[in-house]
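Note sheet for the following structure.
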Amino acid sequence: MHNKEAKSLDLIIKVAERCNIACTYCYFFFGGDDSHKHHPPYLTADAASEIEAFLERVTADGAVENLMIYFHGGEPMMAPKPIIGRIARAASQLAETGKVAEVGLSMQTNGMLVNEAWIRFCTEHGIGVGVSLDGDKAANDLHRIDKNRRGTYDRAVQGFRRLSGGNDNGVDLKPGLLSVIDPQGDGAARLDHFVDQIGAERMNFLSPDGGHDKDIGQAQIAGIENFMLGVFRAWVRRADGNLRVRFIKDVLDTLLSDEGARTCTASAQRMSRILTVSSDGMLSAEDTARTLDARFRDIGHVRDFDHVAQIFSTPALAEMQHAALTAPEACQSCPWWGACRGGTFTNRYSARDGFDNPSVYCDALKGFFEEVTAWLVRGGIPIEDIERRLILSGSFPGAVHGPDYTDHKKVHLRASA
Ligand code: SF4
């Protein structure tokens with residue numbers, strides 16, 4: 001099977017290592033990795049030149065078919081536009097000249113600095129935009145606060161609306177919303193708010209960072225499950241084919257077609273091929289994984305690498321590649337491995353066992369998968385097809401060892417969905 005995701009490269013480029021607000025849960029500033037204090041506040045012109053040359057080198061041998069660039073921070077809209085524009089143009093040219101089959105450009109912002117100039121800029125360069133928001137004003141302003149401890153909801157929503165067509169030229173960039181799950185929150189209410197009050201059509205909800213070295217109790221895990229089920233039930237109730245919730249779509253894609261099941265495998269591999277580039281041009285592992293341990297940071301400067309394979313054979317990234325292809329021992333008899341992959345890297349991690357753990361939110365994930373599957377079966381999808389697809393997506397070329405499905409329990413259906 002040709003697997004284009006095995007030839008993907010995703011770069012999170014830290015165009016700004018400063019932020020205009022101070023969210024209480026921010027992994028970048030408050031997650032234990034203080035390297036931002038020693039980095040230039042914004043991506044330097046020298047680093048931008050080195051990144052352009054790096055992109056030329058690592059794509060010259062056809063090793064990258066699919067390139068995704070995320071302009072990230074801190075707050076990326078604090079960075080100078082010309083520097084971002086240079087990298088956006090360099091990446092787009094790789095697609096135009098056929099060196100890379102597909103190039104995607106994206107920016108994740110807190111929405112506070114969105115103005116006409118940024119809308120023109122993102123439109124001209126084909127940069128998709130996502131806005132971070134954690135629910136209605138009360139929920140969002142619990143954690144997403146500025147440096148004067150004021151809530152950011154009103155300004156973030158204003159930014160989202162500007163991006164959605166509320167600007168001088170009526171350009172609709174169709175921004176997405178990105179939200180962190182609140183174990184005490186109401187998932188259904190949050191989805192309804194995003195759709196009915198904000199007008200969003202694309203969104204995702206992320207599990208909170210944290211792995212086995214943090215004290216995450218059963219109440220928090222149950223809260224995560226309730227939140228996910230709330231989002232799912234509200235999504236089902238709305239029966240709106242245009243409403244895309246990423247974490248639901250990922251599971252449905254896996255369970256509804258054999259091709260989708262194969263792609264789920266590819267997506268898991270892609271997760272381990274995400275790199276972060278600091279404002280000085282240093283490469284690290286995926287952004288949240290950088291906070292796990294110093295070995296995932298500063299694996300080398302972009303100028304040090306000529307080939308993608310060199311990067312992924314460094315010890316830290318080889319460890320993450322291995323983890324992406326290897327079921328933790330506790331997941332090896334789990335029927336949901338094909339859809340779950342043990343959760344995110346950070347939710348799997350412990351200092352003692354590395355990534356050889358199930359997600360800290362394992363029980364919540366199982367509850368979610370059970371309810372989605374029960375809903376599909378009630379809708380007429382044969383359980384045998386779902387089980388076959390879980391096997392298909394769970395065992396794949398290159399797997400170090402996948403789960404043993406030969407004696408696994410039947411997928412357990414939740415009676416009351
Ligand atoms: S549901 Fe739990 S045991 Fe199953 S694959 Fe996910 S983390 Fe592992």
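The values are calculated or read from the model by the stated rules, or taken from the named source; none is laboratory data. Worth saying up front: this structure is predicted, and the values here are computed from it rather than measured. Heads up, the Cβs are rebuilt from the backbone with ideal geometry, glycines too, and the neighbour counts pull from every protein chain shown. Surface accessibility is based on the protein's heavy atoms, side chains included, excluding ligands, DNA and RNA. Shrake-Rupley method; radii C 1.70, N 1.55, O 1.52, S 1.80 Å.
Condition check for GLN158 on (1) of a type outside the set (Val, Ile, Thr); (2) modelled with pLDDT of 95 or more; (3) in a loop (DSSP other than H, G, I, E, B): one failure, at (3).
Note on the stretch 116-145: among residues that are in contact with a strand residue (DSSP E or B) (Cβ under 8 Å, 6 or more places away or on another chain) and farther than 20 Å from ILE198 by Cβ, the one that is most open to solvent (accessible area, probe 1.4 Å) is GLY126. The set of residues from the stretch 97-114 being touching a residue at least 60 places away in the same chain (Cβ under 8 Å) and either farther than 12 Å from VAL64 by Cβ or surrounded by 19 or more Cβ atoms within 10 Å (Cβ to Cβ) (or both) comprises GLN108, ASN110, MET112, LEU113.
In a residue-by-residue description of the stretch 261-275, the property of being modelled with pLDDT of 95 or more and open to solvent by less than 10 Å² (accessible area, probe 1.4 Å) applies to at least one position.
Looking only at the stretch 351-380, residues that are more than 12 Å from the ligand (Cβ to nearest atom) and assigned to a loop (DSSP other than H, G, I, E, B) come to 5 in all. For the stretch 104-149, filtering for residues that are more than 24 Å from PHE227 (Cβ to Cβ) and at pLDDT below 95 leaves 4.
Within the stretch 57-79, the set of residues being part of a loop (DSSP other than H, G, I, E, B) and surrounded by fewer than 19 Cβ atoms within 10 Å (Cβ to Cβ) comprises ALA60, ASP61, GLY62, ALA63, GLU65.
Do we have GLY104 as under 23 Å from the mean Cα position of the chain (by Cα) and in a loop (DSSP other than H, G, I, E, B) here? It is false that GLY104 is under 23 Å from the mean Cα position of the chain (by Cα) and in a loop (DSSP other than H, G, I, E, B). Scanning the stretch 276-290 for residues being over 18 Å from ASP209 (Cβ atoms) and either open to solvent by less than 10 Å² (accessible area, probe 1.4 Å) or touching a helix residue (DSSP H, G or I) at 6+ places or on another chain (Cβ under 7 Å) (or both) gives a total of 6. Take the residues in the stretch 253-292 that are part of a loop (DSSP other than H, G, I, E, B) and touching a Phe, Trp or Tyr at 6+ places or on another chain (Cβ under 9 Å); name whichever of them is nearest to ALA374 (Cα to Cα). Only one residue tops the list, namely SER272.
Scanning the stretch 191-219 for residues that are closer than 19 Å to PHE369 by Cβ and in a helix (DSSP H, G or I) returns LEU191, GLN218.
In summary, ARG295 fulfils each of the numbered conditions (1) surrounded by fewer than 19 Cβ atoms within 10 Å (Cβ to Cβ); (2) assigned to a loop (DSSP other than H, G, I, E, B) with the single exception of condition (2). Of the residues in the stretch 327-343, not one is more than 16 Å from the ligand (Cβ to nearest atom) and of a type outside the set (Asp, Glu).
Table: residues versus (1) aliphatic (A, V, I, L, M); (2) open to solvent by 70 Å² or more (accessible area, probe 1.4 Å).
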{"position": "ALA188", "(1), (2)": "yes, no"}
{"position": "ASN204", "(1), (2)": "no, no"}
{"position": "ILE216", "(1), (2)": "yes, no"}
{"position": "ASN226", "(1), (2)": "no, yes"}
{"position": "ALA239", "(1), (2)": "yes, yes"}
{"position": "ARG244", "(1), (2)": "no, yes"}
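Within the stretch 105-113, one or more residues are in contact with a strand residue (DSSP E or B) (Cβ under 7 Å, 6 or more places away or on another chain) and hydroxyl-bearing (Ser, Thr, Tyr). Out of the residues in the stretch 332-350 meeting the condition of being among the aromatic types (Phe, Trp, Tyr) and part of a loop (DSSP other than H, G, I, E, B), tell me which one is nearest to ARG273 (Cα to Cα). Restricting to residues being among the aromatic types (Phe, Trp, Tyr) and part of a loop (DSSP other than H, G, I, E, B), the top hit is TYR349.
To keep it simple, each residue is scored yes or no on (1) under 24 Å from PHE296 (Cα atoms); (2) in contact (Cβ under 8 Å) with a residue 24 or more places away in the chain; (3) under 23 Å from the mean Cα position of the chain (by Cα).
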residue: HIS322; (1), (2), (3): yes, yes, yes
residue: LEU325; (1), (2), (3): yes, yes, yes
residue: PHE345; (1), (2), (3): yes, yes, yes
residue: ASP353; (1), (2), (3): yes, yes, no
residue: VAL360; (1), (2), (3): yes, yes, yes
residue: VAL372; (1), (2), (3): no, yes, yes
residue: PRO382; (1), (2), (3): no, no, no
residue: ILE386; (1), (2), (3): no, yes, no
